[in-house]
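Asks: Sharing a structure here in structure tokens format.
The values are calculated or read from the model by the stated rules, or taken from the named source; none is laboratory data. Predicted model only: the values in this text are computed from it and were never measured. Reconstructed Cβ throughout: ideal geometry from the backbone, glycine too, with neighbour counts over all protein chains shown. Just so you know, the surface numbers come from the protein's heavy atoms only, side chains and all, with ligands and any DNA or RNA stripped out. Shrake-Rupley method; radii C 1.70, N 1.55, O 1.52, S 1.80 Å.
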Amino acid sequence: MQSLLGAPTRGFTPFKQHKEGAQMRILPTARALRLAALPSLAAASPRSLVRASAAAPAATTQTPAPAASTSTNGAAAAAAPAKNGLVKDAPSFQEAIARLQEYWASVGCAIWLPHNTEVGAGTMNPATFLRVLGPEPWAVAYPEPSIRPDDSRYGDNPNRLQRHTQFQVILKPDPGNAQELYLGSLEALGIDTKVHDVRFVEDNWESPVLGAWGLGWEVWLDGMEVTQFTYFQQAGGRALEAPAVEITYGLERILMSLQGVTNFKDIRYAPSGVTYGEMFLQNEYEMSRYNLDEADVAEQRARFDLYDKEARRLLAQRLPIPAYDHLLKLSHAFNILDARGAVGVTERAECFAKLRGLAREITGLWVERREELGHPLGLIPAPAPPSPARPAAPSGPEPRALVVEVGTEELPPDDVESAVAQLRERVPALLSRLRLSHGSLRVEGTPRRLAVVVEGLAQRQAAEEAKVRGPPAKQAFGADGKPTKALEGFCRKNGVDPASVTREADAKGVEYCWAVVKDAGRPAAEVLTDELPGLVGSLAFRKSMRWNGHGAAFSRPLRWLLALHGDTVLPFVYGGMQAGNTTRVLRNSSTPSLALPSAEAYTPALEAAGITLAGAERAEAIWEGVLAAAAQVGGFVPESTRGDLLQEVNNLVEAPTVVTGGFSADFLQLPSEVLVMVMRKHQRYFPVFASDKPGAALLPYFVTVANGPVHPPTVAAGNEAVLRARFEDAAFFYREDLRQPLEAFRPKLSGTTFQKDLGSLLDKAQRVEALVPQLAQAVAAAGGGSQAAWASPAVLDVAVRAAHLCKADLATSTVTEMTALAGTMGRHYAHKQGLPQEVAEAIFEACLPRQAGDELPRSPAGVLVSVADRLDSLVGLFAAGCGPSAATDPYGLRRAAYGMLQALVSNGVSVSLRAAVAAAAALQPIPVSAAVQAEVLTYLGGRLEQLLSEGAPAEVVRAVLAERGDDPALAARTVAELKSEWEAGEQGRLRAVMAAFSRPTRIVRGKEVPPASLGVDPALFEGEEERALHAAFVEARAKVSPDTSVPALLAAAQPLLPPIASFFERVFVMCEEPRVRANRLALLRDLAALPRGVVDLAQLPGF
């Protein structure tokens, strides 16, 4: 029996070639792998680790005629597989395990066994968690039944099990072609990668409890996550000496897809026809009963303590393996307690601390014991760096194109954008510094490549002549007038003859030697070969990883480097690789590696391979294809998806093929927000609507974008199956949620920690509910009567009811699975429960804004709850010492502060921040000092300045905030007014008022001015100018109040301008008579303070 590719589905010798030739590649180890069970290929030494790219198939089947595809790159669609399931003659569950075991054994892995105690994932088997540590090589594969009590569903959910099966592979060190080996394993399962859309989509793994993390991907097969692929970086709090590749298959999910069934019960388990449900349904039901209903909480707590005690005793006996077994038992006991809802806030933190501490001690002891044993499996040899090489001489003097391509495993979409931006800034600067003239320059990126393409780059650096100063003349020549060693050294360094040196004195009269140094320039190929390693190494990413022993760090592993200037290779070295003239195209191409004759051939070669290098061109092609696909089913894709969704999809593919799929209209009974969230966020699909108007009805269609030439009906069917499973999951959770009112979920918040000193989410919700009435009173007080309605019973009743329930949906199953729907589902369930419309809407608005550019709360109740929630977070977390730093903001306080201020400003709601912060501080479970409150106010002031500076000059904003920063809405109005007056320029009245008021302000600044309690005494005036100025001031002051607008302030101040001018023209302020002098200073003091409470004119330029 053969797969559709022709590769044998049993036996696996040889396998399909994936790239870079058909030969096995052997990486010798320093010492023998002393594992009796480790299989080896006939061509490989038993003292070797195998690096295999699978060999070409022995035979091929007839390829069916291709079906039509909707492809943006014009590539023909691949052959269609069988209709029943994703592959023809899909393996049974046990056959799939056997095939994976046989495949991985054939490429050098030892076959391990499942562990003999419960583990939550294949990662927790000691064959992974312990063996990835240390310097020994390790290649292993094994199936692992994984137990997750919290996923218990009594066998009712078609896609979720408390006991599921993973297949785990560990490759240490990285063999250099792990992705290609993985793709070979898919073909071993009968999956034709020329037909299906196989993609590596960013998904990083982290377990803070166990001090472990790695970077990698979810592997998608026609939209379904079938594998986690991770480069381990740390375990047990220890950085790995040799990063290990971890490949984890989800077998139930894969087999449901391959066999075309929609429920785990229907998976064909064995060739005899027995099903998965017949084998395991009773187990699933009974263990769910145990995990959720019957497990004795007290007994589980006792077991947790016993396992902890025993693990520590075993550590004292220096027995890391049995100690680790007890750590696993400890973890499972905790998971059962958690599933029973028996773990409180404090207990959870304590349990995690115990698990983390044990993991650190066990891994440390394991590493010590392996070292004591002399590393029985040998040591991973240090990789040999490539031999240094210099570029060949160019074929001619004429300018030629330059291409530099950094080839990687799939970069995260954000990292593609970041790297391209960095290169667009640095490459022109580099070429300028190197004095290399050139024509057009472009930098582009795809998931697998970062490319710099420069037209007409000169063959040599431009010649340069510079005058260089040498040693002082008295040190450069001896008494006999001959050059000293100092001068001779200077001349040697700069390549000049001592006879050409001249003498010149500097500004201080000291005579120095000078030389004119001529630099004819080096060949471009030489200087670029020297400089390109630094360029690649300068790229910075949000998260970087190591993958081999060369020490380089990058977003994802580098797999090839291409550097060509014309037909000259620039053989620079980085990350253990040497640049050449070879690029790589699509993995399932008939020729996945291409040798290029010249840089000029680069872009045409990619185009011929179906790859669209230019990001903007690729995005436009995707967008046009998506719109056309939606139109074919009578629908529209909203323009809003052209932003972040299109950008992400654009950087997930390099050869886009648009595919349309559909789903049952029955699912439209679910909230549309749920369906759209699943399609957009989880699957990166473009939902299709009945029109392009806001609020349009959702249609039962979606558009997805595959990578490369595929068989569209097959890919559509696979994505439809994935979406159906996700929608069924959502429907299951939705039905479960509707069984009880929203109020019933609120008490469950007590099991979720907000912050250890601030309590649970329920504690936070109670504080928000208590804060809302106080905040409403503060708003009413700040409005001068115009905001009295905010504290009315009509508003308060809605706001308090909404605050009571605003966090309840966080405990619902739907929001637990899709956290971005918080607030949305609260509103929906409130509607379902029959709560008033305004209460339901305020529950939703309490979550707004959720991110930059999001909608803002609009109803008074919604604004109150939204502001109260964020204010509680800011005050409480600052008091708990969790305020943001320049580098970190784990609680999202920047976003919280900004969102709170946006809600106030956009709705024009005046409130004293000082009063609001004090009210929130009084409700915290920990002391909030005056200093902490001041810190919160300063932080809010900084965010408010940032918000208001988006539409006004920074100086204008600071001038307003200095006087009105306590009331964000009033400050925003004042900024708009001051900006308008400022933009009138030198002829405007603001500049005239500033010029007049600057004189009294400067005079009183730094002088011994009478205190404010000492008023102006008109009886001490000696001249008419004093009396006129004082009278004008008294009249102006009567027109200025704390809520005066900028135009009103200027109108009140304008009549003061002539008296001010006359006063300074004829009155000497600092006269001899002390009482008169003090009286005049008091008058100027009061005059300078007139704008106080409105604007600080001194903050404006030119004051």
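Asks: For residue 1072 and residue 998, compute 0.36 nm times the residue count separating them, minus their Cα-Cα distance, and round to one decimal in nm.
Replies: Stretched fully, the residue 1072-residue 998 segment lengthens by 24.2 nm.
Asks: What FRET efficiency would be calculated for the residue pair residue 274, residue 375, taking the C-beta separation as r and a Förster radius of 41 Å, to the nearest 0.05?
Replies: E between residue 274 and residue 375, to the nearest 0.05, is 0.35.
Asks: Along the Cα→Cβ direction, 7 angstrom out, place labels at residue 628 and residue 696. What is the inter-label distance in nm?
Replies: That separation, rounded to one decimal, is 1.9 nm.
Asks: Have a look at 328, 158, 902 and report the one farthest towards the positive end of the charge dipole of the chain, computed about the Cα centre with Cβ charges (Lys/Arg +1, Asp/Glu -1).
Replies: Most positive-ward Cα: 328.
Asks: Compare the Cα positions of 475, 505, 494 along the charge dipole of region 464-519 (+1 at Cβ of Lys, Arg; -1 at Cβ of Asp, Glu; about the Cα centre) and return the one farthest towards the positive end.
Replies: Most positive-ward Cα: 475.
Asks: Follow-up. In nm, to one decimal, how far is the residue 289 label point from the residue 647 one, both placed 7 Å along Cα→Cβ?
Replies: Distance between the two pseudo-spin positions: 5.3 nm.
Asks: For region 615-729, state what percent of all Cα-Cα pairs lands in each successive 5 Å bin, counting from 0 Å until the bin that includes the largest distance.
Replies: Percent of pairs per bin, in order: 2, 12, 25, 26, 21, 11, 3, 0.
Asks: Then there is this: Are there GluC sites (Glu not before Pro) in region 1028-1103 that DSSP puts in a loop and that have at most 13 other Cβ atoms within 10 Å, and which ones?
Replies: Loop-located and lightly packed - 1072.
Asks: For a quick check of understanding: with a 1.4 angstrom probe and all protein chains in place, what accessible area in square angstrom does residue 982 have, to the nearest ten?
Replies: 50
Asks: A further question follows. From largest accessible area down, sort 196, 438; use a 1.4 Å probe on the protein chains.
Replies: Greatest to least solvent exposure: 438, 196.
Asks: A further question on this structure: Charges only on Cβ, +1 for Lys and Arg, -1 for Asp and Glu: so what's the dipole of the chain about the Cα centre, in debye to the nearest 20?
Replies: In total the dipole reaches around 2160 debye.
Asks: Still on this structure, I have one more. Please report, in Å, the Rg and the Dmax of region 138-218, where both are computed over Cα atoms only.
Replies: Looking at region 138-218, its Cα Rg and Dmax stand at 15.7, 43 Å.
Asks: A further question follows. Among the lysines, select those whose C-alpha is under 29 Å from the C-alpha of residue 88, and discard any that sit fewer than 8 residues away in the same chain.
Replies: Within the straight-line cut-off, residue 88 pairs with 16, 19, 194, 265.
Asks: Gain in length, residue 520 to residue 989, computed as 0.36 nm per residue apart minus the alpha-carbon separation, to one decimal in nm?
Replies: Extending this stretch completely gives an extra 162.7 nm.
Asks: Related question: By average Cβ neighbour count within 10 Å, what is the ranking of 966-976, 899-909 from highest down?
Replies: 966-976, 899-909
Asks: OK, next. Checking the cross-link filter: which aspartates and glutamates have an alpha carbon closer than 12 Å to that of residue 756, excluding same-chain neighbours under 8 positions apart?
Replies: 347, 350
Asks: Same structure, new question: Please work out how much length the chain gains when fully extended from residue 1062 to residue 1041, using 0.36 nm per residue of separation minus the C-alpha to C-alpha distance, in nm with one decimal.
Replies: 4.9 nm
Asks: Which order do peptides 441-449, 839-847 fall in by mean Cβ count within 10 Å, highest first?
Replies: Averaged packing, sorted descending, gives the order 839-847, 441-449.
Asks: Cα axis of helix 178-188 to longest principal axis of the chain: angle in degrees, 0 to 90, nearest 10?
Replies: 50
Asks: Out of the total accessible area of the chain (probe 1.4 Å, heavy atoms of protein only), what percent is carbon and sulfur?
Replies: Carbon and sulfur atoms account for 52 percent of the accessible area of the chain.
Asks: Work the Kirkwood hydrodynamic radius out for region 742-950: mean of 1/r over every pair of different alpha-carbon atoms, inverted, in Å.
Replies: Final number for the Kirkwood radius of region 742-950 is 17.0 Å.
Asks: Evaluate E = 1/(1 + (r/R0)^6) for residue 299 and residue 206, where r is the Cβ-Cβ distance and R0 equals 45 Å; express this FRET efficiency to the nearest 0.05.
Replies: E(calc), rounded to 0.05, equals 0.90.
Asks: While we're here: Which value, in Å² and to the nearest 10, is the accessible area of residue 764 when all protein chains are kept and the probe is 1.4 Å?
Replies: 10
Asks: Leaving out ligands, DNA and RNA but keeping every protein chain, what accessible area does residue 1068 have, in Å² rounded to the nearest 10, with a 1.4 Å probe?
Replies: 140
Asks: Further, regarding this structure: Once the Cα gyration tensor of region 107-258 is diagonalised, what are the square roots of 5 times its eigenvalues, in whole Å and ordered largest first, as equivalent ellipsoid semi-axes?
Replies: Rounded to whole Å, the semi-axes are 23, 20, 14.
Asks: How fast does region 887-999 diffuse by Stokes-Einstein, in µm²/s, taking the Kirkwood radius from C-alpha pairs at 25 °C and 0.890 mPa s?
Replies: Translational diffusion coefficient: 158 µm²/s.
Asks: Which value, to two decimals, describes the C-alpha radius of gyration of the chain once divided by 2.2 N^0.38 Å?
Replies: Here the answer is 1.15, to two decimals.
Asks: Can you tell me the FRET efficiency between residue 463 and residue 442 if r is taken as the Cβ-Cβ distance and R0 is 35 Å, rounded to the nearest 0.05?
Replies: Efficiency, from the Cβ-Cβ distance: 0.80.
Asks: Taking the Cα centre of each part, how many Å lie between region 729-786 and region 363-426?
Replies: 50
Asks: Mind checking which lysines have their C-alpha under 30 Å from residue 518, skipping anything on the same chain fewer than 8 residues away?
Replies: 467, 474, 482, 485, 493, 508
Asks: On a 0 to 90° scale, report how tilted helix 1074-1088 is relative to the longest principal axis of the chain, with both axes built from alpha carbons and the result rounded to the nearest 10.
Replies: Tilt relative to the chain: about 40 degrees.
Asks: Here is a further query. Rounded to whole Å and ordered largest first, report the semi-axes of the equivalent ellipsoid of region 339-465 derived from its Cα gyration tensor (root of 5λ).
Replies: Semi-axes (√(5λ), whole Å): 52, 26, 13.
Asks: Still on this structure, I have one more. Taking only protein heavy atoms and a 1.4 Å probe, what accessible area per residue, in Å², does the chain have with all protein chains in place?
Replies: Value returned for the chain: 41 Å² of accessible area per residue.
Asks: Angle between the Cα long axis of helix 485-494 and the longest principal axis of the chain, 0 to 90 degrees, nearest 10?
Replies: Helix 485-494 sits roughly 70 degrees off the main axis of the chain.
Asks: Counting pairwise Cα distances across region 301-403, what percent come out greater than 23 angstrom?
Replies: It works out to 53 percent of all Cα pairs.
Asks: Testing the spin-label approximation: label points 7 Å from Cα along Cα→Cβ at residue 926 and residue 949. State their distance in nm.
Replies: It is 3.0 nm.
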